[in-house]
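Engineer: Just passing along the structure, written as structure tokens.
The values are calculated or read from the model by the stated rules, or taken from the named source; none is laboratory data. Predicted model, so just to flag it, every value in this text is computed and none were measured. Ideal geometry is used to build each Cβ from the backbone, glycine not excepted, and the neighbour counts take in all protein chains shown.
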Amino acid sequence: MKKRLKVAGVLAAIAVITSSWSTALSFAQWDDSPDMGFERKHDKMKNIMETLNLSQEQKDQVAKQHHTNKEKFRVLRDRMAAKRLELKKELEESVADMNKVNSIVSDIKVMMGEQLELRVGNILTMKQILTPEQFKRLQGMKKDKPDKKSRMR
């Protein structure tokens, strides 16, 4: 009975974590979903830069920042996907090894923390690149965009 409660608790925690992490951590990020075509991503970034009326130096800094973070996020996203798959396989076993499950969950938590640090670092870098007015406008653009959960309803 206690084992079932532990497994149910772990599953509930995973469900909560995986459902809320993407929206809670998406502040001031461009939509880099894999299904979004390169041209569309490029156009979106170009439109943001035009709307914010960035100087050429700012455009270069933003592009460099975006390129650097894109690779870091991709690597982290791939690592998290692999761990989630590992967790799913372990939970599908007839008898789940709680030590292994707890270890995998712990690894996922660490990666989620890394993801948060990357996003916060990106926000702080953007604040350094943009003027206060431009950053405020960027925040307004993010608020005007409907979140993914409301679009799915």
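Engineer: Restricting attention to the range 97-126, and to residues there that are of a type in the set (D, E, K, R) and out of contact with any Asp or Glu (no Cβ under 7 Å at 6 or more places or on another chain), which single residue is nearest to K70 (Cα to Cα)? Spell out how you get there, then give the answer.
Structural biologist: So in the range 97-126, the residues of a type in the set (D, E, K, R) come out as 97, 100, 107, 109, 114, 117, 119.
Right, trim to out of contact with any Asp or Glu (no Cβ under 7 Å at 6 or more places or on another chain) and you get 107, 109, 114, 117, 119.
Working: D107: 21, K109: 21, E114: 14, E117: 14, R119: 11 Å.
Result: R119.
Engineer: Only one of these conditions is not met by L87: (1) buried (at least 16 other Cβ atoms within 10 Å of the Cβ); (2) within 28 Å of L138 (Cβ to Cβ). Which number is it?
Structural biologist: So the condition that L87 fails would be (2).
Engineer: Related question: Which residue pairs have Cβ atoms closer than 6 Å, lie 6 or more positions apart in sequence or on different chains, and pair a first residue in the range 54-72 that is touching a residue at least 60 places away in the same chain (Cβ under 8 Å) and more than 17 Å from R137 (Cβ to Cβ) with a second residue that is surrounded by 13 or more Cβ atoms within 10 Å (Cβ to Cβ) and of a type outside the set (A, V, I, L, M, F, W, C)?
Structural biologist: Q65/T125
Engineer: While we're looking at this one, here's another question. Those residues that are under 17 Å from E114 (Cβ atoms) and β-branched (V, I, T), I need them from the range 58-97; list them, please.
Structural biologist: Scanning the range 58-97 gives T68, V75.
Engineer: Something else now. Since Q56 meets every condition but one in (1) modelled with pLDDT under 90; (2) surrounded by fewer than 15 Cβ atoms within 10 Å (Cβ to Cβ); (3) not β-branched (V, I, T), which condition does it not meet?
Structural biologist: Evaluating Q56 over (1) modelled with pLDDT under 90; (2) surrounded by fewer than 15 Cβ atoms within 10 Å (Cβ to Cβ); (3) not β-branched (V, I, T) leaves (1) as the failure.
Engineer: Search the range 107-129 for residues that are farther than 16 Å from R79 by Cβ and pair each with any residue that is of a type in the set (K, R) when their beta-carbon atoms are under 6 Å apart and the residues are at least 6 apart or on different chains.
Structural biologist: Listed pairs, sorted by first residue: none to list.
Engineer: Can you name the condition, by its number, that A96 falls short on among (1) under 30 Å from K136 (Cβ atoms); (2) not in a helix (DSSP H, G or I)?
Structural biologist: Every listed condition holds for A96 apart from (1).
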